[in-house]
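**Q** Mind looking over this structure? Questions follow.
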């Protein structure tokens, strides 16, 4: 194998695929990236795969001799990132493909390789369901839900985001057991995947298509699409236990999370007796300031309403450290209430929203509260469980 390519393009591609390289590989080759050069297409393909998440991308190259080889991802990335941006990189293997030489204006480096045939094949979806999803809609759905997924591997199903396709609509949901984020995007799909009948292994009881994917995989999908300068739809392929996302010359493969995702819709109350309507950014700023004290003691902030004065008070009391409070004007309905939250949960939801005003709705200090944008054109619902406090 012998080729010449751009240092900047190779460096960008390595940074992308290295996110799928195993940090603690079960086999030495999983610490490597696979490089495949094709003289016919003039492309160099790079692949990282840890057996759960796979990322593949390609870049243009002047390929003199086709071939494939695997190299240590971390070492290769550190060498390439330090080479001169102004000089193209020549990459060549010896006849036995046991050593690779990288040559640049600044010098040459030799690296020991491992054979390409030891690298596991990326899963391919041949007979599954294909969905064409609007790229902007998919990014919007992921940004509105990824943050609420669980980091606890013991709750494996909750470490993912549940994607539900019905008609041409996409609904994404995630929960860690303390909060729930649901975002619905209309006209996210190019066509109705359920119109042609059921899809094996993905169709739920109500006729919609549903799949739960690990948050780690979806963060890479979001990062990939967010930097993609194209109006073309993203293609999502699903087949028994595996999803492949294709965007131009880039691909992300991921296993699915097996099991029945919680019926999150039944957690959202049908109605509310109290509503707080206020400006989103001043509310966030006040919470950030009060959070300095809340962080000293369990992250708890209290939100109290005064309907007569039309004010909301945000306060934190850190025992033996100090206390603080701020008041904001708000439009209030219902009786006065004092309710407490983990301030980080509330801030996460507010940061995921758009719009100038938000609405916080609740029934009692011990029942779930809902945060939504005031106009809620985006179809975003954020449920937070309150913290029980002793007066």
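The values are calculated or read from the model by the stated rules, or taken from the named source; none is laboratory data. Keep in mind the model is a prediction, meaning the values are calculated, not measured. As a convention, Cβ positions derive from the backbone with ideal geometry for all residues, glycine included, and neighbour counts pool all protein chains shown.
**Q** How many residues does segment 1-33 hold that are more than 27 Å from the chain's Cα centre (by Cα), in a helix (DSSP H, G or I) and surrounded by 22 or more Cβ atoms within 10 Å (Cβ to Cβ)?
**A** Total meeting the criteria: 0.
**Q** Quick one: which of 271, 324, 334, 349 is under 26 Å from residue 390 (Cβ atoms) and either buried (at least 19 other Cβ atoms within 10 Å of the Cβ) or out of contact with any strand residue (DSSP E or B) (no Cβ under 8 Å at 6 or more places or on another chain) (or both)?
**A** Numbers: 271 fails: under 26 Å from residue 390 (Cβ atoms); 324 fails: either buried (at least 19 other Cβ atoms within 10 Å of the Cβ) or out of contact with any strand residue (DSSP E or B) (no Cβ under 8 Å at 6 or more places or on another chain) (or both); 334 fails: either buried (at least 19 other Cβ atoms within 10 Å of the Cβ) or out of contact with any strand residue (DSSP E or B) (no Cβ under 8 Å at 6 or more places or on another chain) (or both).
Among 271, 324, 334, 349, only 349 is under 26 Å from residue 390 (Cβ atoms) and either buried (at least 19 other Cβ atoms within 10 Å of the Cβ) or out of contact with any strand residue (DSSP E or B) (no Cβ under 8 Å at 6 or more places or on another chain) (or both).
**Q** Among strands (runs of 3 or more DSSP E) lying entirely in segment 302-391, which contain 1 or more residues that are within 24 Å of residue 171 (Cβ to Cβ)? Quick ask: steps written out before the conclusion?
**A** On the way: elements: 311-318, 322-329, 331-333, 338-342, 357-362, 369-373, 380-384.
Correct list: 357-362, 369-373, 380-384.
**Q** Residues that are modelled with pLDDT under 95, buried (at least 17 other Cβ atoms within 10 Å of the Cβ) and not assigned by TED's automatic domain parsing to the domain that holds residue 10: does segment 281-289 have at least one?
**A** No; the residues of segment 281-289 include none that is modelled with pLDDT under 95, buried (at least 17 other Cβ atoms within 10 Å of the Cβ) and not assigned by TED's automatic domain parsing to the domain that holds residue 10.
**Q** Just one of 141, 154, 96 is in a helix (DSSP H, G or I) and over 30 Å from residue 354 (Cα atoms); which is it?
**A** Numbers: 141 fails: over 30 Å from residue 354 (Cα atoms); 96 fails: in a helix (DSSP H, G or I).
Among 141, 154, 96, only 154 is in a helix (DSSP H, G or I) and over 30 Å from residue 354 (Cα atoms).
**Q** Cβ-Cβ below 7 Å, separation at least six or inter-chain, first residue in segment 241-262 and in the same structural domain as residue 14 (by TED's automatic domain parsing) and more than 22 Å from residue 182 (Cα to Cα), second surrounded by 21 or more Cβ atoms within 10 Å (Cβ to Cβ) and modelled with pLDDT under 90: which pairs?
**A** Filtered contacts from segment 241-262: no entries.
**Q** For residues that are within 30 Å of residue 208 (Cβ to Cβ) and touching a helix residue (DSSP H, G or I) at 6+ places or on another chain (Cβ under 7 Å), tally how many sit in segment 101-140. Steps first, please.
**A** At the first step, the residues of segment 101-140 found to be within 30 Å of residue 208 (Cβ to Cβ) are 122-140.
Restricting the remaining residues to those that are touching a helix residue (DSSP H, G or I) at 6+ places or on another chain (Cβ under 7 Å) gives 135, 138-139.
Of the residues in segment 101-140, 3 are within 30 Å of residue 208 (Cβ to Cβ) and touching a helix residue (DSSP H, G or I) at 6+ places or on another chain (Cβ under 7 Å).
**Q** Without any contact (Cβ under 8 Å) to a residue 24 or more places away in the chain and under 30 Å from residue 255 (Cα atoms): does that describe residue 117? Even if it seems obvious, please write down each step before you answer.
**A** Values: without any contact (Cβ under 8 Å) to a residue 24 or more places away in the chain: yes; under 30 Å from residue 255 (Cα atoms): yes.
In short, yes.
**Q** Within segment 222-233, identify whether any single residue is out of contact with any helix residue (DSSP H, G or I) (no Cβ under 6 Å at 6 or more places or on another chain), assigned to a strand (DSSP E or B) and either outside the structural domain of residue 164 (by TED's automatic domain parsing) or under 28 Å from residue 179 (Cα atoms) (or both), and answer yes or no.
**A** Initially, segment 222-233 is screened for residues out of contact with any helix residue (DSSP H, G or I) (no Cβ under 6 Å at 6 or more places or on another chain), giving 223-224, 227-233.
Next, from what is left, pick out any that are assigned to a strand (DSSP E or B): none.
For segment 222-233, residues out of contact with any helix residue (DSSP H, G or I) (no Cβ under 6 Å at 6 or more places or on another chain), assigned to a strand (DSSP E or B) and either outside the structural domain of residue 164 (by TED's automatic domain parsing) or under 28 Å from residue 179 (Cα atoms) (or both): absent.
**Q** A further question on this structure: Kindly indicate whether residue 304 is surrounded by fewer than 16 Cβ atoms within 10 Å (Cβ to Cβ), in contact with a strand residue (DSSP E or B) (Cβ under 9 Å, 6 or more places away or on another chain) and at pLDDT 95 or above.
**A** Numbers: surrounded by fewer than 16 Cβ atoms within 10 Å (Cβ to Cβ): no; in contact with a strand residue (DSSP E or B) (Cβ under 9 Å, 6 or more places away or on another chain): yes; at pLDDT 95 or above: yes.
So residue 304 fails the test.
**Q** Conditions first: (1) at pLDDT below 95; (2) out of contact with any strand residue (DSSP E or B) (no Cβ under 6 Å at 6 or more places or on another chain). Residue 76 passes all but one, so which condition is the exception?
**A** Just one mismatch for residue 76, condition (1).
**Q** Of everything in segment 48-70 that's more than 21 Å from residue 220 (Cβ to Cβ) and out of contact with any helix residue (DSSP H, G or I) (no Cβ under 7 Å at 6 or more places or on another chain), which residue is surrounded by the most Cβ atoms within 10 Å (Cβ to Cβ)?
**A** Step one: of segment 48-70, the residues more than 21 Å from residue 220 (Cβ to Cβ) are 60-69.
Okay, now just the ones that are also out of contact with any helix residue (DSSP H, G or I) (no Cβ under 7 Å at 6 or more places or on another chain), so 60-67.
Numbers: 60: 13, 61: 24, 62: 14, 63: 21, 64: 13, 65: 11, 66: 14, 67: 18.
Among residues in segment 48-70 that are more than 21 Å from residue 220 (Cβ to Cβ) and out of contact with any helix residue (DSSP H, G or I) (no Cβ under 7 Å at 6 or more places or on another chain), the one surrounded by the most Cβ atoms within 10 Å (Cβ to Cβ) is 61.
**Q** Further question: What number goes with the only condition from (1) surrounded by fewer than 19 Cβ atoms within 10 Å (Cβ to Cβ); (2) touching a strand residue (DSSP E or B) at 6+ places or on another chain (Cβ under 7 Å) that residue 292 does not pass?
**A** (2)
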